[in-house]
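Working notes for the structure below.
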């Protein structure tokens with residue numbers, strides 16, 4: 001989603017390289033390792049967040065803390081991590097960025113703990129596996145398609161801004177109809193962003209391979225896909241989840 005580490009954002013075409021040619025057979029193994037590293041980080045981060053969320057909810061601390069002003073620290077902390085990683089990546093060491101990613105996964109787990117207080121465990125599990133299946137399919141589409149998804153990505157990002165604004169408005173309106181519309185659009189937008197981000201990460205490999213930024217690109221790519229997955233899951237949970 002973020003336009004980090006792209007030295008030529010105006011480039012066109014699929015699979016462009018530094019020399020204007022497509023990624024060749026010689027880089028296929030490297031590309032697969034690069035993408036596999038991104039998916040491993042992303043999946044590990046989601047798993048860590050899920051474990052932290054479940055344990056924090058079962059401990060009883062989640063219910064207590066979410067009734068105090070400390071709830072805002074837990075809610076806003078993940079945003080702080082995302083901003084620090086996105087805007088400070090160029091100045092950080094790879095190990096620092098990795099540590100921030102794991103820290104983000106932990107605080108995101110604390111923030112997500114509230115879903116276990118609102119929805120049944122069975123509906124959370126069903127929604128999670130449905131999201132995982134959809135994410136895998138959409139990411140595969142983004143990885144294999146020959147169509148340039150750049151235009152779609154720009155449209156989806158504008159749509160994302162729209163639902164953020166609509167969500168803020170609905171904090172005051174409290175309209176159930178608008179909330180349902182936001183949830184449906186949210187699922188569609190993050191579904192599209194999953195395919196778009198996957199294609200972008202694949203294309204960016206030509207620019208980061210063999211550079212000091214390659215390790216950072218893996219972590220930032222995992223962060224992008226993590227956010228796509230979690231947001232799609234949360235929007236889907238809003239109309240698939242059974243409330244307690």
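Just to confirm the number: angle between the C-alpha axis of helix 150-173 and the first principal axis of the chain, 0 to 90 degrees, nearest 10?
The answer is roughly 20 degrees.
What list do you get for 102, 72 if you sort them by fewest beta carbons within 10 Å?
72, 102
So for 242, 28, fewest C-beta neighbours within 10 Å to most, what's the order?
With the fewest neighbours first, 242, 28 line up as 28, 242.
Evaluate region 26-240: find the radius of gyration of its Cα atoms, find its Kirkwood radius, and give the ratio Rg to Rh.
0.97
Relative to the longest principal axis of the C-alpha atoms of the chain, give the angle of the C-alpha long axis of helix 214-240, reported between 0 and 90° and rounded to the nearest 10°.
On a 0 to 90 degree scale, this one is about 40.
Given the options 66, 85, 35, state which has the largest fluctuation in a GNM of the chain using a 10 Å cut-off (strictly under) for Cα springs.
66
What is the calculated FRET efficiency for residue 244 to residue 72, with r their C-beta to C-beta distance and R₀ = 22 Å, to the nearest 0.05?
That gives a FRET efficiency of 0.40.
What's the exposure ranking of 219, 165, 187, going from fewest to most Cβ atoms within 10 Å?
Listing 219, 165, 187 from fewest to most nearby Cβ atoms yields 165, 187, 219.
If contacts are Cα pairs under 8 angstrom and at least 6 residues apart, what is the relative contact order of the chain in percent?
34
If the label point is 7 Å along Cα→Cβ of residue 122, which residues in region 211-244 have backbone nitrogen under 19 Å from it?
Answer for this model: 237-244.
Going by alpha carbons, how many degrees (0 to 90, nearest 10) lie between the helix axis of 28-59 and the longest principal axis of the chain?
Tilt relative to the chain: about 10 degrees.
May I ask you to derive the relative contact order of region 39-167, considering only C-alpha pairs under 8 Å and at least 6 residues apart, and to give it as an integer percent?
35
Using helices alone, what [θ] at 222 nm do you get for the chain, with -39,500 (n - 2.57) per DSSP H run of 4 or more residues, divided over all residues and rounded to the nearest 500?
-26500 deg cm²/dmol
Would you mind getting the Kirkwood hydrodynamic radius of region 176-244 from its Cα pairs, rounded to one decimal in Å?
That comes to 13.6 Å for region 176-244.
Multiply the residue gap between residue 178 and residue 144 by 0.36 nm, knock off their C-alpha separation, and tell me the result in nm, one decimal place.
Going from the current span to full extension adds 8.7 nm.
In percent, what relative contact order does region 99-244 have, based on Cα pairs under 8 Å that are 6 or more apart in sequence?
Once divided by the residue count of region 99-244, the mean separation gives 43 percent.
In the Gaussian network model of the chain, springs joining C-alpha atoms below 10 Å, which of 65, 230, 38 carries the largest mean-square fluctuation?
Looking only at 65, 230, 38, the biggest GNM fluctuation is shown by 65.
Values quoted throughout were computed directly from the atomic coordinates according to the rules given, and no laboratory measurement underlies them. Please read all numbers here as calculations on a predicted model, not as lab measurements. Every residue, glycine as well, gets a Cβ built from its backbone with ideal geometry; the counts of neighbours run over all protein chains shown.
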